[in-house]
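First comes the structure, then the notes that go with it.
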Amino acid sequence: MMLSETQIIQSLINYLQTELSQDRLLITPETALIEAGLIDSLTIFKLIVFLEEHFTIKIQAEDIVVENFATVCALQALVQRKLPLLNKE
Amino acid sequence: MTVGQVKNYRRQWEADALKGLSKGRNKFYRRLVKARWEPTFYFVEARLMAWLCGQPWAQRRYWGKKVALVQEFLRATNLAMYDPALQPAQVIRQALFCDSFFFDWRSRLSAWPPAQWMPLITIRGEEVWHSAYQQGKGVILLQYHTLAARLVFRWLAYMGVQPMLSIETARAIAAAAGQTYSAEMAPFLQARQLHATKSCLEAGGVVRIVPDLQQGNECIPVPLYQRTRLFPPAFAELALRTGAVMLPASASVDLHGRVAITFHAPLHTGDASQSRSERIAAIVKQYVAFLHTAWLTAPGNLKLGQMASFVANGAPMTKEGSMNDVV
């Protein structure tokens, strides 16, 4: 199955909206997740498990850094880098 | 090379060899003496310190602030209400003994070989441990703030348990990695550790957690001794995700310097009729119930830092919150 950028971003936003129970908060691809205090260590951990299970990718310890989790766009770029070549557009 | 030079070279070599031999021999004898006598020093010093820590003049002279802190902690928790037989003087003596004598010895104890170390330790609930570990689903060892807590891991290492991982504070992780700690990186350091923890548990390993060392937004407020405390639910989340057994383990030292390790009954993970958040909240409450009993059983073994944190943080509980919620 090929995943487009938009599909990845939508999956991530859906997950974050549900996980953070922030129905009223509009999460956009550019929402600053860390600066807004939306994610903590447990949320990051759960997000990693979601990424690994949903996109069938493996997140390494060195990937767990501020830059990769700053926004939904940054997360999407991380997923895109981790996806097998077949899935990339 | 002349004959004289050869002789000089030989003399020098012999001198170096003798020096090396002597140094090696001294080291060997030092080790022998240390290995033979260190446990004796330990128990003799334990007796002396246990006596000293119980002397009112010594308490006033050396540990005035610490005594005041323990007294304040006993007032804040009102432990005497839960255990009328509790003797504040004994709690103070035990706390001073742990904070001075045991604090100095505990890292040295960890370095002792099993033959010296094992007679020092009493294990209770060993069958509970074996039953949990043999399930092969991983074990989350739940502990709290005592100086002897890390010795549980030492015992497990001697028993050949692996893989093992201990969850540390973000500051400790940064220090171990030689990084400068910053508040921004803290959640990432902890998330990395949780990620590694998941792999460890999936491999049937053991993870040691002191739950309130974690930080986060999702902490669950639970009443504990007249106060409402926030407990991070990361360990419960890990258990539900991996199926690992959550085993509370306490470790305390007595006034003779002997260490008792106790494995308690595993926590229940709830059932499918409950929502995930309900299950997590129920697990955290079970941990706090364990904490309630453990504090009451050996209050003098709590780290003074933990007592200070309890005294300083959290307003006394209002009437709406009741200890019946917990125990």
- [ ] Only residues in the stretch B:167-188 that are without any contact (Cβ under 8 Å) to a residue 12 or more places away in the chain and within 13 Å of residue A:66 (Cβ to Cβ) count as the first member; pair them with residues that are of a type outside the set (S, T, N, Q) and surrounded by 11 or more Cβ atoms within 10 Å (Cβ to Cβ), Cβ under 7 angstrom, at least 6 apart or cross-chain, and list the lot.
- [x] B:184/A:66; B:188/A:44; B:188/A:64; B:188/A:65; B:188/A:66
Open item on the list: Which condition from (1) at pLDDT 90 or above; (2) away from chain A (no Cβ under 14 Å); (3) within 23 Å of the chain's Cα centre (by Cα) is the one that residue B:279 breaks?
Closed with: (3)
Task: Flag for residue B:154 being under 30 Å from residue B:254 (Cβ atoms), more than 14 Å from every other protein chain (Cβ to nearest Cβ) and surrounded by fewer than 19 Cβ atoms within 10 Å (Cβ to Cβ) - done: no
Open item on the list: Take the residues in the stretch B:216-242 that are in contact with a Ser or Thr (Cβ under 6 Å, 6 or more places away or on another chain) and assigned to a loop (DSSP other than H, G, I, E, B); name whichever of them is surrounded by the most Cβ atoms within 10 Å (Cβ to Cβ).
Closed with: B:225
Open item on the list: Tally up the residues in the stretch A:48-72 that are at the interface with chain B (Cβ under 10 Å from one of its Cβ atoms), more than 25 Å from residue A:26 (Cα to Cα) and not β-branched (Val, Ile, Thr), please.
Closed with: 4
Task: Of all residues in the stretch A:8-47 being facing chain B (nearest Cβ under 10 Å) and of a type in the set (S, T, N, Q), the one that is farthest from residue B:235 (Cα to Cα) - done: A:21
Open item on the list: Being in contact with a helix residue (DSSP H, G or I) (Cβ under 7 Å, 6 or more places away or on another chain), on the phi < 0 side of the Ramachandran plot and away from chain A (no Cβ under 11 Å) is the filter here; which residues of the stretch B:204-226 pass it?
Closed with: B:206, B:207, B:208, B:209, B:211, B:220, B:222, B:223, B:224
Open item on the list: Can you say whether residue A:35 is modelled with pLDDT under 90, loosely packed, with under 15 Cβ neighbours inside 10 Å, more than 25 Å from residue B:197 (Cβ to Cβ) and among the charged types (D, E, K, R), as far as the supplied structure shows?
Closed with: yes
TODO: Please tell me if residue B:186 is under 21 Å from residue B:306 (Cβ atoms), of a type in the set (A, V, I, L, M) and facing chain A (nearest Cβ under 10 Å).
DONE: yes
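The values are calculated or read from the model by the stated rules, or taken from the named source; none is laboratory data. The structure presented is a predicted model; accordingly, all values stated were derived computationally and were not measured. Every residue, glycine as well, gets a Cβ built from its backbone with ideal geometry; the counts of neighbours run over all protein chains shown.
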